[in-house]
Amino acid sequence: MTPEEFRVAAHVLVDWIADHRARIADLPVAARVAPGEVAAALPAQAPERPEPFAAVLADLERVVVPGVTQTQSPHFFGWFPSNASAASVLGDLASSGLAALGITWASAPALTEVEEVVTEWLRELTGLPAGWRGAIHDTASTACLVALLAARERASGLSQNRGGLQSEPAPLTVYTSPEAHSSVGKAALLAGFGAANVRHVDVDPRTRAMCPDALAAAMEEDLAAGRRPAAVVVAVGTTGTTAIDPLADLAPIAARYGAWVHVDAAMAGSALLLPERRWMIDGVESADSLCWNPHKWLGTVLDCSLLYVRDPAELISVMSTNPSYLRSSADGEVTQYRDWGIPLGRRFRALKLWFHLRLDGVEAIRVRLRRDLANAAWLAAQVEQAPDWRLVAPLTLQTVCLRHEPADLLDADGATSDELDRHTLAWVAAVNGSGRAFVTPSLLDGRWMVRVSVGAEATEREHVAALWALLQEAAVAAGRAPAG
Ligand code: PLP
């Protein structure tokens, strides 16, 4: 494709994206394809000869769009906000167009330095301590793995330079909440701690936040048994119910044992832009690392996850490499992000964050986040006031956890039942199948509930009100349907 051909096609594509965004409220929200349907609509072999751009665009519309859940729809209340602000999409396009190669500072100094600047902007905007440094990773899963690798090496005195974990005399242990995201357990396994050394510390049954006393007891028990506490992963905003572990109480306990404290605020971190929500990370000055995802609620298009660390030297001592072909006279004066994480080659992710913050401005982002909090509080109030409906977890941020509990589906003692589970799944399926909204069923204490995650960029109060009407309509209709 020549630059001129690119210019023509790109204009068409940008028009298509703008049109897609303009009509998104009218599209069915959930992906509406059967397994294998997308693949079956595509040719089995790659084309030998170039196809016209119009043919590709037609397939994008015909095959791909129905195969995608419309996370940018104002009716999207699923999983977590997965916002992709148009400003950040432009930054992503600029990044791809520039195609900078980030393998060393010298290969694209701007790639490193824009990243240093935007992560510093966001450090300050989120109230993280001065001196903490940030880097952009693909996901919170990777960020957690990086933090646990650093924790492992700190606890073992850089065992990787000897026989690795395999030659350590005492097992290293990791502590987290049973409510923590699955990526935490996965990172602990990938970092070699072993499932037998991952502790799921008790949570307060009401708030679902980790109990400091239970953490202290678990660490003490491990120490007494000859194991070495290495890391505590604190969840600030769990995936299920947005529970907030009390960092200020947990970090000093971890410090007694020299354990690394990683804060996973993947979803909730966006709220740190609001000064009134900074209490969520009280005590962070005693932590070692914190991750949050601008690619969730903030709205910087996937993939954009920030990992802040108190001391980057702890990453560098574990992850630095220095092959001769990457050396330059600037070494020693500049940041080499390849030494702060796993990949060598980095793309220019900072551009989408830079575009996003510059083109939208922080003030408008704060207004939007506060709007979402108010909308979630409004919905929670409706649920609390409605007969037969119940909030099943405290509302801490923008995720409303609810259930329709008609008396005839509860056990005699008022407890939930299998029949209630079937009812919940039936009305959720009706909501999601209608195409008019999308919410997520999720298990809580072994019973199904529904998470309504408010915060799509386009979602206003009217959309939340429409959702509430739809939920009630679907629940009543499911209640009338013959039991199956
Ligand atoms: N941590 C929490 C609390 C999350 O909610 C999620 C995703 O929902 C993750 C981690 C994983 O995020 P990522 O997809 O960026 O790995």
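A few points about this structure:
- Residues being in a loop (DSSP other than H, G, I, E, B) and surrounded by fewer than 24 Cβ atoms within 10 Å (Cβ to Cβ) are entirely absent from region 109-122.
- Test result for Pro169, of a type outside the set (Ser, Thr, Tyr), modelled with pLDDT under 95 and either under 20 Å from Trp340 (Cα atoms) or part of a loop (DSSP other than H, G, I, E, B) (or both): yes
- Residue satisfying condition, being among the hydroxyl-bearing types (Ser, Thr, Tyr) and open to solvent by 40 Å² or more (accessible area, probe 1.4 Å), within set Ser88, Ser141, Ser159: Ser141
- Flag for Leu190 being out of contact with any strand residue (DSSP E or B) (no Cβ under 8 Å at 6 or more places or on another chain) and within 13 Å of the ligand (Cβ to nearest atom): yes
- Region 415-427 residues that are within 10 Å of Glu405 (Cα to Cα), paired with ones that are assigned to a helix (DSSP H, G or I) (beta carbon under 6 Å, 6 or more apart): Leu420/Leu409; His423/Leu409; His423/Ala478
- For Ala287, the criteria (1) in contact (Cβ under 8 Å) with a residue 60 or more places away in the chain; (2) within 16 Å of the ligand (Cβ to nearest atom); (3) open to solvent by less than 10 Å² (accessible area, probe 1.4 Å); (4) hydrophobic (A, V, I, L, M, F, W, C) hold in every case but one, which is (1).
- Residues satisfying the stated conditions in region 305-318, i.e. crowded, with 17+ Cβ neighbours inside 10 Å, of a type in the set (A, V, I, L, M, F, W, C) and not in a strand (DSSP E or B): Leu315, Val318
- Matching residues in region 201-245 - criterion: being surrounded by fewer than 16 Cβ atoms within 10 Å (Cβ to Cβ) and of a type outside the set (Asp, Glu): Pro205, Arg206, Ala217, Leu223, Ala224, Ala225, Gly226
- Pro482 falls short on exactly one of the conditions (1) at pLDDT below 95; (2) outside any helix (DSSP H, G or I); (3) touching a Lys or Arg at 6+ places or on another chain (Cβ under 9 Å), and that condition is (3).
- Residue check, Leu172 within 15 Å of the ligand (Cβ to nearest atom) and out of contact with any Asp or Glu (no Cβ under 8 Å at 6 or more places or on another chain): no
- Among the residues listed as Glu419, Glu384, the single one being assigned to a helix (DSSP H, G or I), at pLDDT below 95 and open to solvent by 20 Å² or more (accessible area, probe 1.4 Å): Glu419
- Candidates Leu326, Leu302, Leu353: the one that is modelled with pLDDT of 95 or more and open to solvent by less than 10 Å² (accessible area, probe 1.4 Å) is Leu353.
- Residue that is surrounded by the fewest Cβ atoms within 10 Å (Cβ to Cβ) [pool: residues in region 247-274 that are under 23 Å from Leu373 (Cα atoms) and more than 16 Å from the ligand (Cβ to nearest atom)]: Leu274
The values are calculated or read from the model by the stated rules, or taken from the named source; none is laboratory data. Please read these numbers as outputs of a predicted model, since none were measured by experiment. Counting neighbours? That spans all protein chains shown, and the Cβs are built from the backbone with ideal geometry, glycine included. Accessible surface areas use protein heavy atoms only, side chains included; no ligands, DNA or RNA. Shrake-Rupley method; radii C 1.70, N 1.55, O 1.52, S 1.80 Å.
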